[in-house]
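So the structure is just underneath, and the comments pick up after that.
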Amino acid sequence: MILVGARTDTANTLQTFKAVADNAFTRSILKALSKNCVKDNGNRLEVALELYVGIRNDACVSCRLSRTVLSPILKFACRGFGISEQEMKAKFQDVHWRRALVSVIKGIAWFGVRRPYVPAAPFQVVWNITDACNLNCLHCYESAGAKGQDELTTDEAIRGIDILADEGVLILAFSGGEPTIRPDILQLVKHASDRGLFTAVATNAVTFALRKRVKEFKIAGLKFAQVSLDGLNPRTHDSFRGVPGAFAKTVQGIKNCVAEGLFVEIATTATRYNISEVSGLIDFAAELGVDWFMLYNFIPTGRGADIADADLSPDEREDVLRLCWNRMKAAGVDVLSTAPQYARIVQEIEASAPFINNCETDAAGAQGTERATVMPTHFYNPRLSGQLRQLADFVGGCGAGGFYICVEPNGDIYPCVFFPHEATMKVGNLLKDDFEQIWRHSKLFWEIRDKDNLRENCGSCKHRYTCGGCRARAYSYFKDVLAPDPGCVRNKDAWQRIQLNVKARK
């Protein structure tokens, strides 16, 4: 069979690429290429990529040599991943894609080829830039309300942005609290954008009900707006948010963001209070013209700990995630979820769906095409066809401490925004500690990254690389980052233990 041969060839190519890239000699070369160049004012790899794709015509001898060394590696990768060199060059005209590739290559140099993959810096940093908020949400992980006494000043925040940019972070999302009410937020957004970071905000969009405000953010360089909407019924949303009339302002804010051409995502935290409205919310998201609908996992932390009984059971979570995937196909909006189980569920649904591969023909005799494997992540839903399926284990799963991290208003660093502010969960401070050393050597980060060390039933699950369970949920319930995620149907025993403890306390 042609298809089987192609798959075998691809698997062999990828294994060869791993063998070539994941050895001491190659990694020593990549480490040398990853250093900064004073003459060309940039990372040698990034300068080499600019030469490779044709957006830079000249560079110092060392950077030109880096391009010579990098070129055959990239060509080999093109063959392994089934894309043309022209396609790769076109993709890397975008500065954010070039920065991503630099992070990937440096990650190989530092850590080798791991499952899941660990880049040289987090792809995304969510910075809770302030604790001040204009709402009073029941499920707020930050317990936000009043401005914190130790929040970084403007100059300190700018210095923090420079650190993240210099370390190769790709995406900086300002969150809170409510980031749009921090007085200097436009200055911070502009500085982040000017430093080449893809800049986003996670907002309740109340201030964005004024279109003029959205325009100001867009001019400053904002690219992405994640807007929280917790109910299709205004009463549902407002009861979550603690302020009457919030729904109307939030929806108007969403409309304004769409009208201004931002990439817009509606984010809904799934609980028993609003699970019946999820399907309608997906349709509403499509009607509003947003790009993504994100179903957030409920984590009983912050004020959310007070409504832990609103958490979904494993069966309820399974059902709503299946609904999300099936509704996406009809609604016309991409549906994502922070629940890692979404990846397993989508793979199971797609694997059971009938399809015609490129070795067969349909009843009319037309040749079909092989169906792609969808690999949901927190960032997007890549469709990995043919040879790219081999990448699934490298890009999926809970990304806490591996693909993204959280920075608090005072600069403290945690694996994820949903981790409680406990001393054992803090890994350092953005301004007081060496960021690169934290990323490369944090014991907590490496505990979370190694999916083979997870406790049962997550540890032996064949989906541990593409799912691995939510580590914040595991810690919130069991005070153990390696514990099973009780939100999965394969961990019903863990969920039942929690319910027994709840009944005992009552």
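The values are calculated or read from the model by the stated rules, or taken from the named source; none is laboratory data. Computed from a predicted model, the values in this text were never measured in an experiment. No Cβ is skipped: glycine too gets one built from the backbone with ideal geometry, and neighbour counts run over all protein chains shown. What goes into the accessible areas is simple: the full protein's heavy atoms, side chains included, and nothing from ligands, DNA or RNA. Shrake-Rupley method; radii C 1.70, N 1.55, O 1.52, S 1.80 Å.
Structure notes:
- Residue within the range 47-59 that is surrounded by fewer than 17 Cβ atoms within 10 Å (Cβ to Cβ), part of a helix (DSSP H, G or I) and under 25 Å from the mean Cα position of the chain (by Cα) present: no
- Some residue of the range 39-59 being among the small types (Gly, Ala, Ser) and modelled with pLDDT under 85: yes
- Residues of the range 262-310 classified as more than 20 Å from the chain's Cα centre (by Cα), touching a residue at least 12 places away in the same chain (Cβ under 8 Å), open to solvent by 30 Å² or more (accessible area, probe 1.4 Å) and under 16 Å from residue 333 (Cα atoms), total: 5
- Selection of the range 18-71 for residues being among the acidic types (Asp, Glu), under 20 Å from residue 95 (Cα atoms) and out of contact with any Cys (no Cβ under 6 Å at 6 or more places or on another chain) yields 46, 50, 58.
- Residue ranges of helices (runs of 4 or more DSSP H) in the range 234-327 with at least 3 members of a type in the set (S, T, N, Q) and on the phi < 0 side of the Ramachandran plot: 246-259
- Residues satisfying the stated conditions in the range 71-128, i.e. within 21 Å of the chain's Cα centre (by Cα), among the charged types (D, E, K, R) and either open to solvent by 30 Å² or more (accessible area, probe 1.4 Å) or closer than 30 Å to residue 469 by Cβ (or both): 91, 94, 99, 106, 114, 115
- From 331, 372, residue being modelled with pLDDT under 65, under 23 Å from the mean Cα position of the chain (by Cα) and more than 22 Å from residue 122 (Cα to Cα): 372
- Helices (runs of 4 or more DSSP H) lying entirely in the range 61-143 (those with 3 or more residues that are touching a helix residue (DSSP H, G or I) at 6+ places or on another chain (Cβ under 6 Å) and closer than 30 Å to residue 174 by Cβ): 95-111
- Here the range 431-472 is the region considered, the condition is being of a type in the set (Lys, Arg) and within 16 Å of residue 107 (Cβ to Cβ), and the residue that is farthest from the chain's Cα centre (by Cα) is 440.
- For the range 420-431, the criterion of being out of contact with any strand residue (DSSP E or B) (no Cβ under 9 Å at 6 or more places or on another chain) and modelled with pLDDT of 95 or more is met by at least one residue.
- Of all residues in the range 428-446 being touching a residue at least 24 places away in the same chain (Cβ under 8 Å) and in a loop (DSSP other than H, G, I, E, B), the one that is farthest from residue 175 (Cα to Cα): 442
- Set side by side, the residues 494, 483 differ, and just one is surrounded by 15 or more Cβ atoms within 10 Å (Cβ to Cβ), at pLDDT below 95 and farther than 29 Å from residue 162 by Cα, which is 494.
- Members of the range 447-467 that are without any contact (Cβ under 8 Å) to a residue 24 or more places away in the chain and closer than 17 Å to residue 122 by Cα: 450
- In the range 156-174 there is no residue matching the filter, namely being in a loop (DSSP other than H, G, I, E, B), farther than 30 Å from residue 104 by Cα and either in contact (Cβ under 8 Å) with a residue 12 or more places away in the chain or open to solvent by 10 Å² or more (accessible area, probe 1.4 Å) (or both).
- Selection over the range 175-217 of residues that are closer than 27 Å to residue 34 by Cα, small (Gly, Ala, Ser) and either open to solvent by 10 Å² or more (accessible area, probe 1.4 Å) or in a loop (DSSP other than H, G, I, E, B) (or both) gives a count of 2.
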